[in-house]
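Structure first, then comments.
The values are calculated or read from the model by the stated rules, or taken from the named source; none is laboratory data. The structure presented is a predicted model; accordingly, all values stated were derived computationally and were not measured. When we count neighbours, we look across all protein chains shown, and the Cβ atoms used for this are built from the backbone with ideal geometry, even at glycine. All accessible areas refer to the heavy atoms of the entire protein, side chains included, with ligands and DNA or RNA removed. Shrake-Rupley method; radii C 1.70, N 1.55, O 1.52, S 1.80 Å.
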Amino acid sequence: AQSVTQPDIHITVSEGASLELRCNYSYGATPYLFWYVQSPGQGLQLLLKYFSGDTLVQGIKGFEAEFKRSQSSFNLRKPSVHWSDAAEYFCAVDNNNDMRFGAGTRLTVKP
Amino acid sequence: DAGVIQSPRHEVTEMGQEVTLRCKPISGHDYLFWYRQTMMRGLELLIYFNNNVPIDDSGMPEDRFSAKMPNASFSTLKIQPSEPRDSAVYFCASRTAGNEQFFGPGTRLTVL
């Protein structure tokens, strides 16, 4: 069955520290891959996407993600976290309009 | 463009009442999606349309839920009768083929 797994439900990092949020998917082929961010009471905002080509993709707000086919992973990274990055992050996979979201990772940023 | 517009932003109703949620997609987008978000089940795709035609409604939880898209700029999600377990945030999203989905701000539904 198709699935998206975000192993970490909640992560806490200090402001200025680096961040990596994990995402693994289970699909037969390489689907389209996305990371979205959701602030409390808000909708989902696209951070970045991977369709094809360069496996390291750059997004907004200083985020990047790397697609690793051999690991079926699409981990999100940021070298230095800001307090405003505190939010819920969702990895998503789109396989021919069958869009599946991970359960989300809640990021807390310590001052 | 104003983005995806949803109304109302908040809805409080009593069990048994009919609820209608509305969505205006981004102009030119030919796909429209309805999602439900709850703490227990996360984000679930309910139904999506392509060129106003429902393509996949397998996520609609039961017959109390129905969705329509009478034209390219408007869609509704109706729950009749509503139940407390329908309380959730309902998102609408739109896209063009081969691109990412753009989400609306959501409608927070509370059924008492």
* Asked: Quick one: what does P(r) look like for segment B:42-106 with 5 Å bins over all Cα pairs, in whole %?
  -> 4, 14, 26, 29, 17, 7, 2, 0
* To do: Could you sort the residues of segment A:95-110 by number and keep only those whose accessible area is reduced by 20 Å² or more in the all-protein-chain setting relative to the chain alone, 1.4 Å probe?
  => A:97, A:99, A:101
* To do: For segment A:72-83, take each phi angle, set θ = phi - 60°, evaluate the Karplus expression 6.51 cos²θ - 1.76 cosθ + 1.60, and give the result in whole Hz per residue in order, putting x for glycine and proline.
  => 6, 10, 8, 7, 9, 9, 8, x, 8, 7, 10, 4
* To do: Averaging sequence separations of C-alpha pairs under 8 Å and six or more residues apart, then dividing by the length of chain B, give the relative contact order as a whole percent.
  => 37
* When you have a sec, figure out the Kirkwood radius of segment B:4-112 from all distinct Cα pair distances and drop it here in Å to one decimal? => 13.7
* **Proximal lysines to residue B:68, defined as alpha-carbon separation beneath 16 angstrom and excluding residues fewer than eight positions away on the same chain** => B:24, B:78
* Determine the sum of side-chain charges near residue A:7: Lys and Arg each +1, Asp and Glu each -1, restricted to other residues whose C-beta is under 12 angstrom from that of residue A:7. => -1
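Averaging sequence separations of C-alpha pairs under 8 Å and six or more residues apart, then dividing by the length of chain A, give the relative contact order as a whole percent. Write down the numbers at each step before the final one.
Numbers: 269 pairs, mean separation 41.3, N = 111.
Reported relative contact order: 37 percent.
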* Please work out the Cα center distance from segment B:28-100 to segment A:4-23, rounded to the nearest Å. => 29
* Asked: So which lysines can residue A:68 reach, going by Cα to Cα under 18 Å and dropping same-chain residues fewer than 8 places off?
  -> A:49, A:78
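How many Cβ atoms of partner chains, on average, are near each residue of B:38-48 if near means within 10 Å of its Cβ?
Numbers: counts 0, 0, 0, 1, 8, 11, 2, 5, 0, 0, 3.
Going residue by residue through B:38-48 and averaging, the value is 3.
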* Estimated buried accessible area (total), pair B and A, 1.4 Å, Å² to nearest 100 -> 1400
* To do: Would you mind telling me the share, in percent, of accessible area of the protein assembly as shown contributed by carbon and sulfur at probe 1.4 angstrom?
  => 49
* For chain A, what is the charge dipole size about the Cα centre, in debye to the nearest 20, if Lys and Arg each add +1 at the Cβ and Asp and Glu each add -1 at the Cβ? -> 80
* Asked: Per q in 0.20 1/Å, what log10 I(q)/I(0) does a Debye calculation on the alpha-carbon atoms of segment A:1-53 return?
  -> -0.98
* Structure fact -> Kirkwood Rh for segment A:53-108 from C-alpha pairs, in Å, is 12.7
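How much area per residue is accessible in chain B when the probe is 1.4 Å and only protein heavy atoms are counted (Å²)?
Values: 5480 Å² over 112 residues.
That works out to 49 Å² for each residue.
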* Asked: Taking amide hydrogens as modeled 1.01 Å from N in the peptide plane, which residues meet the under 5 Å criterion relative to residue B:55, leaving out close sequence neighbours?
  -> B:48, B:49, B:50
* Once you charge only the Cβ atoms, +1 for Lys and Arg and -1 for Asp and Glu, what is the size of the charge dipole of chain B about its Cα centre, to the nearest 20 debye? -> 220
